[in-house]
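The values are calculated or read from the model by the stated rules, or taken from the named source; none is laboratory data. Remember, it's a predicted structure, so these values are computed and weren't measured experimentally. Quick reminder, even Gly has a Cβ in these numbers, built from the backbone with ideal geometry, and neighbours come from all protein chains shown. Quick note on the areas: whole protein, heavy atoms, side chains included, nothing else; ligands and nucleic acids left out. Shrake-Rupley method; radii C 1.70, N 1.55, O 1.52, S 1.80 Å.
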Amino acid sequence: MPGTRKLGKTTDQRMAMLRQQVTDLLDNGRMETTITRAKEIAPLAEKMITLGKAKDLAAYRQALSFITREDVAKKVFDEIAPKYAERNGGYTRITRLGARRGDAAEVAVIELV
């Protein structure tokens with residue numbers, strides 16, 4: 001769960017950023033970000049997919065309270081979660097790309113497996 005890395009932001013800023021990045025990851029299937037952010041995003045995205053596998057109203061409402069767009073939450077429950085029905089976790093993959101040119105930050109791609 002989040003809380004191990006502060007990412008240079010206050011709690012509300014950090015949670016807003018993580019919610020948006022998890023929403024974008026679930027919408028697009030992959031995204032490019034720094035390694036530390038990718039490591040924070042992965043468990044949150046996996047929790048949303050696990051909620052999608054539950055397929056009940058309580059899980060849907062819980063996912064909606066975290067995911068920022070309703071169409072993405074619907075996509076998680078209707079399209080993404082059924083793909084992982086036989087899988088017990090490990091829905092994301094982080095691949096390191098190297099240093100970013102502008103600030104030399106370590107960049108990675110996080111994607112759904």
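Relative to the longest principal axis of the C-alpha atoms of the chain, give the angle of the C-alpha long axis of helix 11-28, reported between 0 and 90° and rounded to the nearest 10°.
70
Let me spell out the model: positive unit charges on the Cβ of Lys and Arg, negative unit charges on the Cβ of Asp and Glu, origin at the Cα centre of the chain. What dipole size does that give, in debye rounded to 20?
Dipole magnitude for the chain comes out near 300 debye.
Which length gain, in nm to one decimal place, applies between T11 and N88 when the Cα-Cα distance is subtracted from 0.36 nm times their residue separation?
24.7 nm
Give me the angle, in degrees from 0 to 90, between the Cα long axis of helix 35-54 and the longest principal axis of the Cα atoms of the chain, rounded to the nearest 10.
Approximately 0 degrees, to the nearest ten.
Once neighbouring chains are kept in place and the probe is 1.4 Å, which whole percent of the accessible area of the chain is contributed by carbon and sulfur?
48
With all protein chains present and a 1.4 Å probe, how do V76, V113 order by accessible area, largest first?
Per-residue accessible area, sorted high to low, gives V113, V76.
If you count only protein heavy atoms with a 1.4 Å probe, what accessible area per residue comes out for the stretch 15-89, rounded to a whole Å²?
52
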